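Undergrad: Dropping the structure in here first, questions after.
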Amino acid sequence: TLDNPIPQTDINFDEVFLNPSEIDALVLITKKLLAMTDMPVEQTVIEELKKSYVEEEANFFFNSTDNPGSLIQKAVAFNPGNIEVYDKLVRLKNSVPTSKLKNSRWMMNRAALTAIETLKDKDGKPLLREAYIEGAFGYRILGYPVDVTDYVDGSTPDVPRLYFGDFSSFHIQDVINSLEVSKLLEKYSDTNHVGFKIWHLNDGQLIYSPFEPTVFKLELTTDGGTTSA
């Protein structure tokens, strides 16, 4: 009736804020080293700083225990029991909501790639199929593109770990124009050093609806079993 208010739904949603974190690094180089070589030491140091920064950033997005939305923490753990690896991959693929399958892909570390490369499908053909995919690893598993990255390793590179799903829900917040690369001359002049500093603000989280989990994770053992995910 008109006198009865609409009942509130029992469905609860998480409130997620992308809260950028500071990532910084500092390198000191002696002025003597800079003066003794014709190599572009300054440019080399900056490039190495950027590589270190990217690795730190990726680890925060993929594996950090301090980031509740990191891929390893937020992806849905998939454990189908002690069945053949091929069957696990099929079941994992079919666990992703149908609406998310169109843009889904595999993401795995080298250990998982090694475990899968020797597998055969039901017809005796290699499970890992070569395929030209622009900007990707160049292989397909069960018809879906494969990305291989060391960032999936975390602290356990020997564990075959893989993810499958639609990674468009893996949101990266890069604070525009926040990246700073500075050369510090005066600060360390008393010790005849030159400092190089890099600083940035960013965040990365996997965010999805409780009704449509978008990314699942699976860890394999070499004997066909499954480790705790």
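The values are calculated or read from the model by the stated rules, or taken from the named source; none is laboratory data. As the structure is a prediction and not an experimental result, all values here were calculated from the model. Backbone-built Cβ (ideal geometry, glycine too); neighbour counts: all protein chains shown.
Undergrad: Looking at region 28-74 only, could you name the residues that are within 20 Å of Ser168 (Cβ to Cβ), in a helix (DSSP H, G or I) and not small (Gly, Ala, Ser)?
TA: Glu57, Phe60, Phe61, Phe62, Leu71, Ile72, Gln73, Lys74, listed by residue number.
Undergrad: Any residue in region 104-119 that is part of a loop (DSSP other than H, G, I, E, B), surrounded by 13 or more Cβ atoms within 10 Å (Cβ to Cβ), modelled with pLDDT under 90 and in contact with a strand residue (DSSP E or B) (Cβ under 8 Å, 6 or more places away or on another chain)?
TA: The answer is yes, given that some residue of region 104-119 is part of a loop (DSSP other than H, G, I, E, B), surrounded by 13 or more Cβ atoms within 10 Å (Cβ to Cβ), modelled with pLDDT under 90 and in contact with a strand residue (DSSP E or B) (Cβ under 8 Å, 6 or more places away or on another chain).
Undergrad: Looking at the structure I just gave you, is Phe164 at pLDDT below 85 and among the aromatic types (Phe, Trp, Tyr)?
TA: No; evaluated as a whole, the condition is false for this residue.
Undergrad: Is there a residue in region 44-63 that is among the small types (Gly, Ala, Ser), assigned by TED's automatic domain parsing to the domain that holds Leu185 and at negative phi?
TA: Within region 44-63, one or more residues are among the small types (Gly, Ala, Ser), assigned by TED's automatic domain parsing to the domain that holds Leu185 and at negative phi.
Undergrad: Same structure again: Restricting to region 87-103, give me the number of residues that are basic (Lys, Arg) and part of a loop (DSSP other than H, G, I, E, B).
TA: Residues that pass the stated criteria total 1.
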